[in-house]
Amino acid sequence: MFPPAWVTLPVVAGATVGDFDVHESVDGVDVHVLADAVAGYLSLEAAERDYGVVSATSASPMRSCGCLRTIGSITGRRATCAARKERPMETASSALFGKVALVTGAARNIGRAVAERLARDGANVALVDVDAAVEVAARELGHGADVIALRADVNSATDVDRCFHEVVARWQRLDILVNNAAITRGAVRHFLEGDEAWWDDVVGVNLKGQFLCARRAAPLMAAQGGGVIINMSSGGATRAHRGMVAYDASKGGSEALTRALALDLAPYGIRAVAIVPGLIRYEGQAADSVRAAANTVPLARMGAPADIAAAAAFLASDDAAYITGATIVVDGGLLVQQRSPQAETFTVSSFPPLTETTTEEGR
Ligand SMILES: NC(=O)c1ccc[n+]([C@@H]2O[C@H](COP(=O)([O-])OP(=O)(O)OC[C@H]3O[C@@H](n4cnc5c(N)ncnc54)[C@H](O)[C@@H]3O)[C@@H](O)[C@H]2O)c1
């Protein structure tokens, strides 16, 4: 039997060792890497339950390409998925060509923009949201990418399980998880008026939801030899918002979760990173509210959802291969300010104008 602490069983139901590429030889023994496995499980019992695996032989750990993989032959009695011998061709110029992404909270705003950007960069994308608008978002995504919409509550383990089953059934892998879903504007409530249900809802969706999705994604990614988990945090993780105790606590937890995931998952080739969006415009936001917010930002504008999507696309790509455990702030300089612009004594209006004299020294 396998040491349960680290073993992931990449299972292709109905597949035998012959279905997999022979990757390399170790000590004269052929090593069969389950390169295109469809599911990772932490116990044989779970694999048995979901895929009807009846035997797993000669599995042993191997360090390959810096990550742990489980090797061996696995036989299933229910052929629910076909074994695939070939990885997608990675010859397209798009940075994420052939990758599979799952983005939560993808019905609108930041999540939708992230899904759209990942699809534009070549990924196949599952858009997950509790709101029916996710179906419209998926339809409108375009870019010729393979896209699906899944209605689900990320605070429900059953819903999350269903989503991952759908992704595995369709694409047999998962490379990128973007934990973006959150209760945001709906979370605002003064602490003295907050109750247990408010706390449970906000922390449940914003933090437990990220845990539930990561828990399903990690074994899949480990079985493939890697992946990336991107958690959407907030400035509230490190600086408080008024009226957002539960939200800020959930985002503090999200950043702690990200760091801890990074450590636990690094040996499996899985990176975990957090993004802190600044003040990002949302659909239907009134123009004077956009102007007022822009006045508080050093770069003098609110962020667009596409600004966050660009950061997510970078973090998901191989260009970010050495970034894990980090929190990337995408906020136009909002958080580095010691004073709010309203309280600032050295105002922008007293900055030197760009004249011949001020630019001369740079020449
Ligand atoms: N917009 C900003 O200025 C800003 C700033 C900092 C952090 N963030 C973070 O960025 C992320 C996206 O922000 P946004 O402004 O686009 O949020 P939003 O409220 O516009 O969208 C959130 C999405 O999550 C979905 N959702 C809510 N509960 C869900 C659940 N239980 N299961 C599945 N989906 C659910 C909603 O239906 C919605 O589509 C959030 O994590 C938020 O905390 C946003």
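What follows is calculated from the coordinates using simple rules that are stated; it is not laboratory data. This is a predicted model, so every value here is computed, not measured. Cβ atoms come from the backbone with ideal geometry, glycine included; neighbour counts cover every protein chain shown.
Tabulated data
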{"quantity": "Spacing of the two label points (7 Å from each Cα toward its C-beta) at Asp318 and Arg259, in nm", "calculated": "3.1"}
{"quantity": "Sorted by Cβ neighbour density within 10 Å, fewest at the top, the residues Leu354, Leu118", "calculated": "Leu354, Leu118"}
{"quantity": "Separation in nanometres of the label points that stand 7 Å from Cα toward Cβ, at Arg291 and Ser156", "calculated": "4.4"}
{"quantity": "Highest-first arrangement of 316-326, 281-291, where packing means the average Cβ count within 10 Å", "calculated": "316-326, 281-291"}
{"quantity": "Fewest-first ranking of Lys251, Lys208, using other Cβ atoms within 10 Å as the exposure measure", "calculated": "Lys208, Lys251"}
